[in-house]
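Right, one structure below, let's go through it.
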Amino acid sequence: MTMSEQSPSSDYPEPLPDDRYSPVEKVLIWVAIGLAFALAAGLVLAFDSVWTETLKPIIWDPVVEDAGVAGDAGYTPQNTAIYTLSMLACVVLFQALFRKWRLPTDERMTLALIAWVCLAPVLRVLEDADFFSSSRDVLFISPIIHLHLAAWLVGVAILSHLAGRRFDGRLDDASQEAQATLLGGLLFVVLLGHWYLLYQPAYASHPSVSFTLATGGLVVAVAVLCIGLVMTRGWPAITRGMFAFASSAVVLGIAHWVQFMATPWAQESGKASGDITFWPAFIVLGLPAIVCVVLYRMGREDAQQLRLTGFTAGVLPPHIGIKQWEDEAEQWADHPVEFLSNKALLAHPMVLGMVFGQLCDGFATMVGIDMFGYGEKHPVSDAVIQFGGSINESLGLDWGEGAWLFALVKAALVGLIVWLFVQMRVEHRQQHFRLLIVLAVLIVGLAPGLRDIGRLMLGV
C-alpha cells in the first residue's frame, strides 16, 4: 500500500468530505445570511439611522470624496475596521462555498487571480489621472473597484465554464482547439463590452485627445487574449478563460497609460505634474523581482519532484487530518508532502505573488513619500511612517518623511510570510481557505504597490 492509499488511523476522525460544511461553517453561513437580512431591514425600516447617519459618512462619503476633484480621501479607523472584518468574513464564507462547488485551487488558478489583482491598480491609476467620466469615477475607487471587478470576474468565470467545460480533461488537439475557439469568441465579445462600457464613454470627456494609441491597445489586447488561450492549453475552461481575459484587460488598461504619456489629457484636479518618470520602476518592480527569482530557483527542483508524485505543496493527502499528521510526525516524515513542501512552496505562485506584492508596496511607498512627496492614506501605515520620521529627527537625518521604516516593516513581513507558508500544512479540504487568504494579502499588498508605481511613472 502506497502512502497516498494509506487509510487514516481509527484513533483519529476522518476529515469531512469536501462537499460537506463543518458545524462552524454552517454557523457562519447562517450568521452572514442573518446580518444581510438585518442590514436590509434596517435600510428599509430605519434608513436615516442606518445609512444617512451611520454608514454613509463612514463608507460612502469617503468614496465620493476620493472620486471628486480633491481626490485621495484618507481611510479612517472605522472604515478600515469594517473593510478588514468584511474581507476576513468573505474569506471564511467563500472558501466553504468554493470548496463545495469544487473550484480549482492549483497554481493555474493562483496565476489567474494574480492577473485580476493586477487589473485593479491599472484601472485605479487611470482614475487618478482623471480619465474616467465623473459619472463613473466611483466604480474605480476602493472598495467599490474590487466589488466592481469581482462582478466581471464572476461573469467571465461562469461564461468560460459553461462554454468550455465539456472539453475539460480532454487533451487531444481537436478538443483543445475547439475549447480555445469557443472561449476566444466569447471572451472577445466580453472584452469589447469591457472597452465599450468602461473606456469608450471617457473618450468624450477628452475631445482634444485622439486616443489612437489606446485604440491600438485594444487590438494588442485581443492578440494577448488569443496568446493567453494558446499558452493555457490543457487548463480547465474556467481558469483558462479567467487568465486570458484578465491578461488582455490589463494590456488594454496599460495602453491607456501609454496614451496619457504620449498625449496627456486635461486634469480636472490639476494635480498632475506632467513629468513621466521611469526610474522608480527599476526599484519598485526590479528589486522584488530579483528576490522572487532567487526564491523560485531555490524551490523549483523540489516543486518539480513533488509535482511528479501527484501531491500539492503544503497540502496533506486526502483523509489525513492535521492532528494525525502532527501526532504521527515520525510516520509521515518521509512523505513527499513533508520533506519536499518547504522548498517547493518557495517556487509556488502564492508565495512569490505575496512576496512580490508586499515588497512592491513597501518600496513604492518609500520612493513615493520620501522622494516624490506623496502622502499615506491608511492610518496604520501612516503611524509607521510617522515613527520613522521621529527616528530621522532623533538621529539628525534630513531625508524623507520616514517611509523607509515602512519598507523595512514590509520586508520583515515578507520574511514572516515565507516562513509561515513553508511551515504550514493544510488539510485537503482547506485548500480554498489558503488560496483566499493569499488573494486577500495580494489585494492589500500587490494592488496598492502597483497603483503607487503607476502614479509615480505617470506623475499623477
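The values are calculated or read from the model by the stated rules, or taken from the named source; none is laboratory data. Bear in mind that the values here come from a model prediction, so they are computed numbers and not experimental data. In this analysis, Cβ positions are derived from the backbone assuming ideal geometry, glycine residues included, and neighbour counts consider all displayed protein chains.
Points to keep in mind about this one:
- Criterion applied to A255, A249, A262 was being of a type in the set (G, A, S), modelled with pLDDT of 95 or more and closer than 17 Å to A129 by Cβ, and the one residue passing it is A255.
Residue-wise test of (1) more than 21 Å from the chain's Cα centre (by Cα); (2) farther than 28 Å from I82 by Cβ; (3) of a type in the set (S, T, Y).
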residue	(1), (2), (3)
L408	yes, yes, no
G415	no, yes, no
E427	yes, yes, no
R434	no, no, no
L446	no, no, no
L456	no, yes, no
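- In the condition set (1) touching a Phe, Trp or Tyr at 6+ places or on another chain (Cβ under 8 Å); (2) surrounded by 15 or more Cβ atoms within 10 Å (Cβ to Cβ), S208 is compliant with all but (2).
- Filter result for the condition that a residue is under 30 Å from F94 (Cα atoms) and either in contact with a strand residue (DSSP E or B) (Cβ under 8 Å, 6 or more places away or on another chain) or outside any helix (DSSP H, G or I) (or both), over F356, F433, F421: F433
- Long-range neighbours under 8 Å by Cβ, at least six apart or interchain, first residue basic (K, R) within region 267-288, second at pLDDT below 80: K271/G71
- Inter-residue pairs, beta-carbon under 9 Å, first outside any helix (DSSP H, G or I) and in region 448-459, second β-branched (V, I, T), 6+ apart: G459/I276; G459/T277
- Residue pairs whose Cβ atoms lie under 9 Å apart, separated by 6 or more positions or on different chains, with the first residue in region 125-140 and within 13 Å of D66 (Cβ to Cβ) and the second β-branched (V, I, T) and in a loop (DSSP other than H, G, I, E, B), are E127/I141; D128/V460; D130/V69; D130/V460.
- Breaking point among (1) over 22 Å from the mean Cα position of the chain (by Cα); (2) in a helix (DSSP H, G or I); (3) touching a residue at least 60 places away in the same chain (Cβ under 8 Å); (4) under 23 Å from Y75 (Cα atoms), for I369: (3)
- Region 328-344, residues that are surrounded by fewer than 24 Cβ atoms within 10 Å (Cβ to Cβ) and of a type in the set (A, V, I, L, M): A329, A333, V337, L340
- Considering region 172-271, the qualifying helices (runs of 4 or more DSSP H), each wholly inside and each with 3 or more residues that are under 24 Å from P104 (Cα atoms), run over 173-194, 212-231, 237-262.
- Only one entry in F421, F433, F406 is at pLDDT below 90, crowded, with 18+ Cβ neighbours inside 10 Å and not β-branched (V, I, T), namely F421.
- Of all residues in region 132-145, none are in contact with a Pro (Cβ under 9 Å, 6 or more places away or on another chain) and among the acidic types (D, E).
- Test result for A157, out of contact with any Pro (no Cβ under 9 Å at 6 or more places or on another chain), over 15 Å from V190 (Cα atoms) and either of a type outside the set (F, W, Y) or not in a loop (DSSP other than H, G, I, E, B) (or both): no
- Residue match in region 333-349 (condition: polar (S, T, N, Q) and more than 30 Å from I453 (Cα to Cα)): yes
- Test for V351: is it crowded, with 18+ Cβ neighbours inside 10 Å and not acidic (D, E): yes
- Any hit, region 396-405, residues being part of a helix (DSSP H, G or I), of a type outside the set (S, T, N, Q) and closer than 20 Å to K323 by Cβ: no
- Residue check for A383: among the aliphatic types (A, V, I, L, M), surrounded by fewer than 18 Cβ atoms within 10 Å (Cβ to Cβ), under 18 Å from V291 (Cα atoms) and out of contact with any helix residue (DSSP H, G or I) (no Cβ under 8 Å at 6 or more places or on another chain): no
- Residues (assigned to a loop (DSSP other than H, G, I, E, B) and either free of Cβ contacts under 8 Å to residues at least 40 places away in the same chain or surrounded by 12 or more Cβ atoms within 10 Å (Cβ to Cβ) (or both)) located in region 12-60: Y12, E14, P15, L16, P17, D18, R20, Y21, S22, A46
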